[in-house]
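Notes to accompany the following structure.
Since every read-out is calculated from the coordinates, none of them should be taken as a lab result. In this text the structure is predicted, and so the values were computed from the model without any measurement. No Cβ is skipped: glycine too gets one built from the backbone with ideal geometry, and neighbour counts run over all protein chains shown.
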Amino acid sequence: MRSLIFLIGLFLINLTYAHDLWIEKHKNNYILYYGHKHPSYGEKKLIKYNPKNILSVKCIDVDGNKTEIDVKKEYPLVINKNCAIIYVDISSGYWTKTPYGTINKPKNQIDTPIKSWLSYESVKRINLWGKNLEKSFTKKLDIIPVNDPLKLQEGDKIRLLITFDGKPAKNIPVAYDGKVRGITDSHGRINIRIKHKGLQLIEATYKEKINSTKADEVIYSTTLNFEVN
């Protein structure tokens, strides 16, 4: 049964992690990027996203206080505030698979829908760490380190808790740099080994069936970023 779940998770990852979402530091600013952080041959590293899809940008201080940042929605998104954690929520809306390709519309606006979903994406970058940050700051999907990620070195393992609606989420596929490393256990936990220095991309996805004329399910995907020196 566990092997079957893992194979399903592997399939979901291949669908969900076709592109990466990450936040890079440039001097005193942070910039949101979308595309392929580690592109294969023929892939573009950066893909332009629609800044109107940005739902919110949150700044969390080391004491765990959360505030929403008023940012200029333009491409690329630039965040000029220092935060312990920067959290960006994005939604590209409804998508429907058809015999002729995938269209960015709900299924009730399509003549021949095969499958449809509502997409939510998020990225969380950790710049400072403290015990008050060892919790979820969203009702959506979240990746929470339970050991200090900024003290890790290449070859170390990071211990993670994956939550949805603030509760541990089991059987969630988790990827590192776009490749599946496993699924969460019954307590929503998983360990991931750090393979390199620099910016880390750890990704998770969760699918929720819904009863709607617009979509069959909601797909939540989230990325955790932090730097390893």
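Set the Förster distance to 22 Å, then compute FRET efficiency between residue 210 and residue 186 from the Cβ-Cβ distance, nearest 0.05.
Values: r = 25 Å, r/R0 = 1.12.
The formula returns an efficiency of 0.35 here.
Nearest 5 percent is fine: what portion of the DSSP beta bridges confined to the chain is antiparallel? Don't jump to the answer; show the numbers that get you there.
Working: 64 of 73 bridges.
If I count the DSSP bridges inside the chain, around 90 percent turn out antiparallel.
Specify which labelled value, from (1) 18.0; (2) 11.3; (3) 13.4, agrees with mean projected area of the Cα convex hull in nm² derived from the coordinates of the model shown.
Calculated mean projected area of the Cα convex hull in nm²: the matching label is (3).
Pairs of alpha-carbon atoms within less than 8 angstrom and 6+ residues apart define the contacts here; what relative contact order does the chain have, in percent? Present the calculation step by step, with values, prior to reporting the outcome.
Numbers: 554 pairs, mean separation 42.9, N = 229.
In percent, rounded to a whole number, it is 19.
Which of 82, 104, 53 ends up with the largest GNM mean-square fluctuation for the chain, with Cα atoms connected below 10 Å?
The residue that fluctuates most here is 104.
Considering the options 108, 69, 22, tell which one lies farthest towards the positive end of the dipole of the chain, charges being +1 on Lys and Arg and -1 on Asp and Glu at the Cβ, about the Cα centre.
108
Compute a Gaussian network model of the chain, connecting alpha carbons closer than 10 Å, and tell me which residue from 208, 134, 24 fluctuates the most.
So, out of 208, 134, 24, the one fluctuating most is 208.
Between residue 61 and residue 104, how high is the FRET efficiency from 1/(1 + (r/R0)^6) when r is the Cβ-Cβ distance and R₀ = 45 Å? Nearest 0.05.
On the way: r = 36 Å, r/R0 = 0.80.
It comes out at approximately 0.80.
When the label point is put 7 Å from the Cα of residue 147 along its Cα-to-beta-carbon vector, which residues of the range 173-205 have a backbone N closer than 11 Å?
Taking a point 7 Å out along Cα→Cβ of residue 147, the residues of the range 173-205 whose backbone N falls under 11 Å are 191-194.
Quick one: of 25/209; 170/197; 73/105; 52/135; 73/139, which pairs are farther than 25 Å apart, Cα to Cα? Working shown, then result.
Values: 25/209 36 Å; 170/197 29 Å; 73/105 22 Å; 52/135 29 Å; 73/139 23 Å.
25/209; 170/197; 52/135, as the Cα separations exceed 25 Å there.
Of the candidates 65, 211, 29, which one comes out as most mobile in a Gaussian network treatment of the chain with C-alpha springs shorter than 10 Å?
Of 65, 211, 29, the Gaussian network model singles out 211 as fluctuating most.
State to the nearest 20 debye the size of the charge dipole of the chain about its Cα centre, where the only charges are +1 on K and R beta carbons and -1 on D and E beta carbons. It would help to have the intermediate numbers written out before the result.
On the way: 37 positive and 24 negative charges, 36 e Å.
Roughly 180 debye, rounded to the nearest 20.
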